[in-house]
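Worksheet: one structure, shown below.
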Amino acid sequence: MRTLHRASLLILLLPALIGCAPMVKDGQPIAVHSEIVLQSGQTVGQTFTARDRGLNGVEVFLAPDTAGIGEIRLYLRASPQSSDDIAVGTLAASAVTAPGFYRFAFAPQHDSRGHDYYLLLDLQGDGRFRVGSAAGDTYLDGALYQNGNPLDAQMAFRMAYDPVELAIGLLAMGVTWLQVLVVAILLFVLPGWAILAWLLPGWDARSWGERLGLAGGVSVALYPLLILWTAVFDLHLGALYAWVPMLAAIGALAWRNRAWRPGNVGATVRAWRQSGFVWGDLAFGVLIVLIVGTRFWVIRSLDVPMWGDSYQHTMIAQLLVDNGGLFDSWMPYAELQTFTYHFGFHSAVAVFDWITGASMPRATLWVGQIMNALAVLALYPLAVRVGGNRWAGGGAVFVAGLLAPMPMFYTNWGRYTQLTGQVVLPAAVLLAWMALEARARDRRLLALAWLAWGGLALAHYRVLIFAVLFFAAYFVLEARHGRAHELIAKTWWIGVGGGLLFLPWFIHTFAGKITLSFATKLVTPADAVSTFTRQYNSIGDLAAYLPPTLWLLLPLCIGWGLWRRDKGVALIGLWWLFIFLAANPQWL
């Protein structure tokens, strides 16, 4: 897996300038599959995929057995079956005097990015050389060939690129990223922003980071609800699911800000400078660039999303597009006649595809990474609520976006449905928190909570359970203050509204086995679960979730917050404990 978890975009750019060496560590092959020999009358080859534009050389690990005479030639071809040379690089055999990497240079290949190639080595002269090699699973995009026959091995090699051509390719890639980012903002930020601007009390007083995090969650929650409720009336609107919310949001925001004039820009900038949040906002802006950049960078060489779950998600999204909305039959892709799975992520992929026309595997990959970024940014408003300032929000985003392996690992894992649930989860919890603490029943706030909770239920069933436990934590902390009756009433109103929005789909799930399966798992005692299942679902290495240093800091931070009688810290800490126990019932 090539996903990088902690590097900034600047650090990630550096390896591209020198190519890649997937089978090398400390200048040596990391393993030797068998003795691969290059001598007169024998050839060695390797298939590979160039990551970037401007491929102008390949460096191969060679070690001399006997002194060489003549020259070693590298032929760059389209495939092992091709006899046409795209380029040829040569190296004097006498130059190979010690084990190491030797470069075969050729003219830059302007269109090499993402192209498959085959390199063939032969010796025109005398001598005997060993070619560095490693096991077959050390490189995913090719295989080693000996005398034209493929082996379960890989050559120790690395690619080199022309700096100017590489820069042009990276610039073109950046333009593509900007296009994807604009579509992401139009689809997954703007609709929620417009809804919140009209309905959420105090919207204009919130920082733009808070508004961005909330808008992402509400936008993502909107699409599955639209697709569900139009299907209730047997409507399948296809591309209108993407265009109508986007255009309506633009219209609603334009009307709300109709009094704005270009001359207001100066006053806005001056007010921002005087607010005291300039450095915090700038730091948050830099974090957004790094988080989005790292998410897009790690998929630059992927054609399809990774792991088995992604195959299923791509198929469901394709069926949504094929049917213009919800469906029952999985034909022609599978002989199934019921669809009861949560479809929040697939709705997002479908609307992205309707706007961009991208291939469905590519759309799934792009939207997965967009959700990966939004899941981090969604933490900002919740962290501001708990910490009481914007630096708390920036700190949460920094840890989740650039330090913690999760949620970045979802790129490898492919469980984008749960990731989508985690985009909506902070917004749903924060809106419920605000509704619970409001002195009077605010209908607009309730409507927003219903939208978020209904969309969350369609995004991921397990994440919905995590969210519901927030009410339990809040009740434990606040019921002792004589608010039990009030809290039950407010929770009832939030639950009824969100439940009604989800109700048609909940009824529909009984057509399949997913509800029965859930009920069976819910009532099965922990000691009745097989040892394999318990081991498979075990916590595993804690460092896979947070770096060890942060795990050590976690109890100290919670303890400090409790000592200061910080309600937000106590609430989040208790909620986290309930989630932990719900995910590990055997601990009870």
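The values are calculated or read from the model by the stated rules, or taken from the named source; none is laboratory data. The structure displayed is predicted, hence computed values, not measured ones. Don't worry about glycine lacking a Cβ; one is built from the backbone with ideal geometry, like all the others, and counts go over all protein chains shown. The protein model used for the area step is the full one, side chains on, heavy atoms only, and it has no ligands, DNA or RNA in it. Shrake-Rupley method; radii C 1.70, N 1.55, O 1.52, S 1.80 Å.
Assorted remarks:
- Note on segment 332-352: among residues that are of a type in the set (Phe, Trp, Tyr), open to solvent by less than 10 Å² (accessible area, probe 1.4 Å) and in contact with a helix residue (DSSP H, G or I) (Cβ under 7 Å, 6 or more places away or on another chain), the one that is modelled with the lowest pLDDT is Phe343.
- If only residues of segment 209-249 that are of a type in the set (Val, Ile, Thr) and out of contact with any helix residue (DSSP H, G or I) (no Cβ under 7 Å at 6 or more places or on another chain) are counted, the one that is least open to solvent (accessible area, probe 1.4 Å) is Thr230.
- When segment 52-77 is limited to residues that are in a loop (DSSP other than H, G, I, E, B) and in contact with a strand residue (DSSP E or B) (Cβ under 7 Å, 6 or more places away or on another chain), the one that is modelled with the highest pLDDT turns out to be Gly54.
- Residue within segment 449-469 that is open to solvent by 50 Å² or more (accessible area, probe 1.4 Å) and over 31 Å from the mean Cα position of the chain (by Cα) present: no
- Members of segment 303-326 that are buried (at least 16 other Cβ atoms within 10 Å of the Cβ), in a loop (DSSP other than H, G, I, E, B) and in contact with a helix residue (DSSP H, G or I) (Cβ under 6 Å, 6 or more places away or on another chain): Pro305, Met306, Gly325, Leu326
- Scanning segment 353-373 for residues that are under 15 Å from the mean Cα position of the chain (by Cα) and either surrounded by 22 or more Cβ atoms within 10 Å (Cβ to Cβ) or within 16 Å of Gly217 (Cα to Cα) (or both) gives Ala363, Thr364, Leu365, Trp366, Val367, Gly368, Gln369, Ile370, Met371, Asn372, Ala373.
- When residues in segment 78-106 are screened for being farther than 21 Å from Gln146 by Cβ and either outside any strand (DSSP E or B) or among the hydrophobic types (A, V, I, L, M, F, W, C) (or both), 10 of them pass.
- Among residues of segment 500-527 that are within 21 Å of Gln337 (Cα to Cα), those with a Cβ under 6 angstrom from a residue that is polar (S, T, N, Q) and modelled with pLDDT under 85, sequence gap 6+ or separate chain, pair up as Thr509/Thr515.
- Picking from residues in segment 431-448 that are small (Gly, Ala, Ser) and over 18 Å from Trp198 (Cβ atoms), the one that is surrounded by the fewest Cβ atoms within 10 Å (Cβ to Cβ) is Ala440.
- Residue ID - farthest from Val164 (Cα to Cα), chosen from residues in segment 50-70 that are out of contact with any Ser or Thr (no Cβ under 9 Å at 6 or more places or on another chain) and open to solvent by less than 10 Å² (accessible area, probe 1.4 Å): Ala63
- Looking only at segment 179-218, and only at residues there that are among the hydrophobic types (A, V, I, L, M, F, W, C) and outside any helix (DSSP H, G or I), the one that is nearest to Ala459 (Cα to Cα): Val189
- Applying the condition of being hydroxyl-bearing (Ser, Thr, Tyr) and open to solvent by less than 70 Å² (accessible area, probe 1.4 Å) to segment 521-543 and asking which residue is nearest to Asp442 (Cα to Cα) yields Thr524.
- Ala205, sole failed condition from (1) small (Gly, Ala, Ser); (2) open to solvent by less than 60 Å² (accessible area, probe 1.4 Å); (3) over 19 Å from Arg51 (Cβ atoms): (2)
Per-residue answers, yes or no, for (1) hydrophobic (A, V, I, L, M, F, W, C); (2) under 21 Å from Phe502 (Cα atoms):
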residue	(1), (2)
Gly202	no, no
Arg211	no, no
Ala215	yes, yes
Ser219	no, yes
Leu225	yes, yes
Ala231	yes, yes
Asp234	no, yes
Leu237	yes, yes
Trp243	yes, no
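- Segment 49-74, residues that are farther than 19 Å from Gly125 by Cα and among the charged types (D, E, K, R): Arg51, Asp52, Arg53, Glu59
- Scanning segment 402-429 for residues that are in a loop (DSSP other than H, G, I, E, B) and under 11 Å from the mean Cα position of the chain (by Cα) yields Met406, Pro407, Met408, Phe409, Gly414, Arg415.
- Unique residue being without any contact (Cβ under 8 Å) to a residue 60 or more places away in the chain and not in a helix (DSSP H, G or I) when the list is Asp137, Asp111, Asp126: Asp111
- Failed item, numbered, when Val424 is tested on (1) at pLDDT below 95; (2) under 26 Å from Arg211 (Cα atoms): (1)
- So Arg362, is it of a type outside the set (A, V, I, L, M, F, W, C) and over 21 Å from Leu186 (Cα atoms): no
- Once segment 544-567 is narrowed to residues that are open to solvent by less than 50 Å² (accessible area, probe 1.4 Å) and not aliphatic (A, V, I, L, M), the residue that is nearest to Tyr461 (Cα to Cα) is Pro547.
- Scanning segment 472-520 for residues that are open to solvent by less than 50 Å² (accessible area, probe 1.4 Å), more than 22 Å from Pro224 (Cβ to Cβ) and part of a helix (DSSP H, G or I) turns up Ala472, Ala473, Tyr474, Leu477, Glu478, Ala479, Ala484, Leu487, Ala489, Lys490, Thr491, Ala519.
- Residues that are in contact with a Lys or Arg (Cβ under 9 Å, 6 or more places away or on another chain) and either under 20 Å from Ala400 (Cβ atoms) or open to solvent by less than 50 Å² (accessible area, probe 1.4 Å) (or both), drawn from segment 568-588: Gly568, Ala583
- Among residues of segment 152-190, those that are surrounded by fewer than 17 Cβ atoms within 10 Å (Cβ to Cβ) and more than 30 Å from Ala452 (Cβ to Cβ), counted: 11
- Residues of segment 345-401 that turn out to be small (Gly, Ala, Ser), in a helix (DSSP H, G or I), touching a residue at least 60 places away in the same chain (Cβ under 8 Å) and over 16 Å from Thr417 (Cα atoms), as a count: 4
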